[in-house]
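Right, one structure below, let's go through it.
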Amino acid sequence: MISSKQERILIVGDNSLFLERIALELRPENFVVIATESGLYAFQIMRICSRPIDWLFTRASLFGPIDERILADEFHGRRSNRPAVIASSHMRVSSQGHIILDDPSPIAVPDAMRCIMTECHSHELPEYANPKERCAA
């Protein structure tokens, strides 16, 4: 577990087995994982839930009116100090600082999420914290 409070992770993609594998990796670590194949449903979750989403993972191949860019923008508007994690089959750069993973496996996604969470949480630590313990995102 990365922090004492239960953090909420929204994972979005078009492959339910891929999403479930990620969720199975993260739930035992006391994360609340919300998985959906619908960009529209994910967007609604971010807008109407009483508890905010702490982390977002999305595939770049979402179908429908709400794609990964809209989700990442919505997440960034609510959590400007945290990057969204986007899986893409082709590398690109995010102007908002989102993390783009090059077609990751279901095991690589939770590893990357943990690393990014650790890095973001390390900025909340006192300055005397050992920088070698920080994970590079």
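What follows draws every value from the coordinates through simple rules; no lab data is involved. Just so it is clear, the structure is predicted and the values come from calculations on it, not from any experiment. In this analysis, Cβ positions are derived from the backbone assuming ideal geometry, glycine residues included, and neighbour counts consider all displayed protein chains.
Give me a comma-separated list of calculated 3J(HN,Hα) values for region 21-30, in order, Karplus coefficients 6.51, -1.76, 1.60 applied at θ = phi - 60°, integers in Hz, x for any Gly or Pro.
Karplus values, whole Hz, x for Gly and Pro: 4, 5, 4, 4, 6, 8, 4, x, 8, 6.
Provide the descending list of Cα extents for region 1-80 along its principal axes, expressed in whole angstroms.
36, 28, 18
Under 16 Å from a point 7 Å along the Cα-to-Cβ line of SER122: which residues of region 1-43 have their amide N that close?
In region 1-43, the label zone of SER122 (backbone N under 16 Å from the point 7 Å along Cα→Cβ) covers 2-3.
Test of understanding: extend the Cα→C-beta vector of ILE70 to 7 Å, then name every residue of region 13-52 with backbone N under 15 Å from that spot.
Flagged as within label range: 13, 37-48.
When the Karplus curve 6.51 cos²θ - 1.76 cosθ + 1.60 is applied with θ = phi - 60°, which whole-Hz ³J(HN,Hα) does each residue of region 101-116 get, with x for Gly and Pro?
9, 7, 6, x, 7, x, 7, 5, 5, x, 4, 5, 4, 4, 4, 5
Tell me which residues come under 5 Å, amide H to amide H, from ALA87 once H is placed; ignore anything under 5 positions away on its chain.
THR58, ARG59, ALA60, LEU101
In 5 Å bins starting at zero, report the fraction of Cα pairs in region 8-133 per bin as a rounded %.
Reading the bins upward from 0: 2, 11, 22, 24, 21, 12, 5, 2, 1, 0.
Testing the spin-label approximation: label points 7 Å from Cα along Cα→Cβ at CYS115 and CYS49. State their distance in nm.
Placing both labels 7 Å along Cα→Cβ, they lie 2.4 nm apart.
Restricting attention to the alpha-carbon atoms of region 13-59, what are Rg (one decimal) and Dmax (integer), both in Å?
10.8, 28
Once amide H atoms are built 1.01 Å from N in the peptide plane, which residues 5 or more positions from ALA35, or in another chain, come under 5 Å H to H?
Here ILE11 satisfy the definition.
State the extension gain, in nm to one decimal, for the chain segment bounded by ILE107 and ASN81, taking 0.36 nm per residue of separation less the distance between their alpha-carbons.
6.8 nm
With θ set to phi - 60° and the Karplus curve 6.51 cos²θ - 1.76 cosθ + 1.60, what are the ³J(HN,Hα) couplings of region 69-82 in order, to the nearest whole Hz, using x for Gly and Pro?
5, 5, 4, 5, 5, 4, 4, 4, x, 9, 9, 5, 8, 10
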